[in-house]
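Working notes for the structure below.
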């Protein structure tokens with residue numbers, strides 16, 4: 001391959017050992033040997049919530065490139081720990097949905113993903129931050145978070161994205177909650193709502209292109225509030241999303257913001273990048289411009305992200 005002679009310094013792998021891609025972690029080790037890695041730090045975790053501790057350890061050990069093996073939940077936990085560090089991240093999409101990788105054009109192909117991680121273009125991308133925690137893809141409050149919370153891991157592993165739609169059917173009768181949303185200090189929405197979404201990229205849960213014009217390097221967060229209630233109104237919302245223009249729905253309001261604050265009349269669950277985070281009555285969010293450096297494909301790097 002002609003790469004063995006070029007040493008690449010210190011590389012860390014932070015891997016969710018229950019996730020799989022290609023020939024698995026054994027193949028990843030072989031591919032890293034081909035890349036001529038000078039020093040390899042290897043960390044495996046049984047759950048994504050144990051990843052940040054390993055990331056912090058890798059940073060102390062001087063990692064110059066961190067490869068994250070797993071799905072969106074694993075990526076979210078790792079970028080939260082890596083945000084602002086200046087260390088480059090390579091995403092190895094070994095999860096169920098891999099929405100972050102999908103939005104960046106990183107394929108679910110192990111050799112190609114490794115090739116991009118080592119030889120792709122380094123791009124500074126925005127992150128979102130909700131109640132002190134970073135996210136890369138999206139944050140959801142209400143309906144969306146209920147779907148994700150109920151999509152138990154067994155169902156999610158068997159059905160993938162279909163699991164979210166399946167569980168969503170249980171929640172379409174949920175009553176909207178009084179919600180007041182301020183954008184950059186100004187009241188933007190006040191009324192009853194069933195869901196609030198914050199997007200850093202266009203394609204979100206279930207592979208739906210909710211934010212048609214989103215770019216993860218524009219210094220903005222996309223925001224959408226849905227007032228739909230009942231299965232008929234929700235069917236219309238999802239139909240508009242599938243057709244490609246979410247903002248044309250009569251039950252959806254959308255805009256952009258740098259800072260968002262939300263106050264609720266009743267507790268609602270929220271999620272970050274497909275991971276349930278708990279229940280809140282207040283939520284504060286902001287964009288973190290250029291918060292993370294990610295390797296992306298070179299072939300269309302001028303157009304991405």
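The values are calculated or read from the model by the stated rules, or taken from the named source; none is laboratory data. Treat the numbers as computed from the prediction; the structure is a model and nothing was measured. Cβ atoms come from the backbone with ideal geometry, glycine included; neighbour counts cover every protein chain shown.
Structure summary
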item	result
Among residues of segment 90-146, those that are part of a helix (DSSP H, G or I) and more than 17 Å from residue 28 (Cα to Cα), counted	10
Selection count, segment 67-80, where residues are touching a helix residue (DSSP H, G or I) at 6+ places or on another chain (Cβ under 6 Å) and either under 17 Å from residue 296 (Cβ atoms) or part of a strand (DSSP E or B) (or both)	5
Residue ID - modelled with the highest pLDDT, chosen from residues in segment 206-241 that are in contact with a strand residue (DSSP E or B) (Cβ under 7 Å, 6 or more places away or on another chain) and part of a helix (DSSP H, G or I)	237
Single unsatisfied condition, residue 254 versus (1) touching a helix residue (DSSP H, G or I) at 6+ places or on another chain (Cβ under 8 Å); (2) modelled with pLDDT under 90; (3) assigned to a loop (DSSP other than H, G, I, E, B)	(3)
Condition check for residue 99: assigned by TED's automatic domain parsing to the domain that holds residue 32 and at pLDDT below 95	yes
Residue check, residue 117 surrounded by 24 or more Cβ atoms within 10 Å (Cβ to Cβ), out of contact with any helix residue (DSSP H, G or I) (no Cβ under 8 Å at 6 or more places or on another chain) and over 16 Å from residue 272 (Cβ atoms)	yes
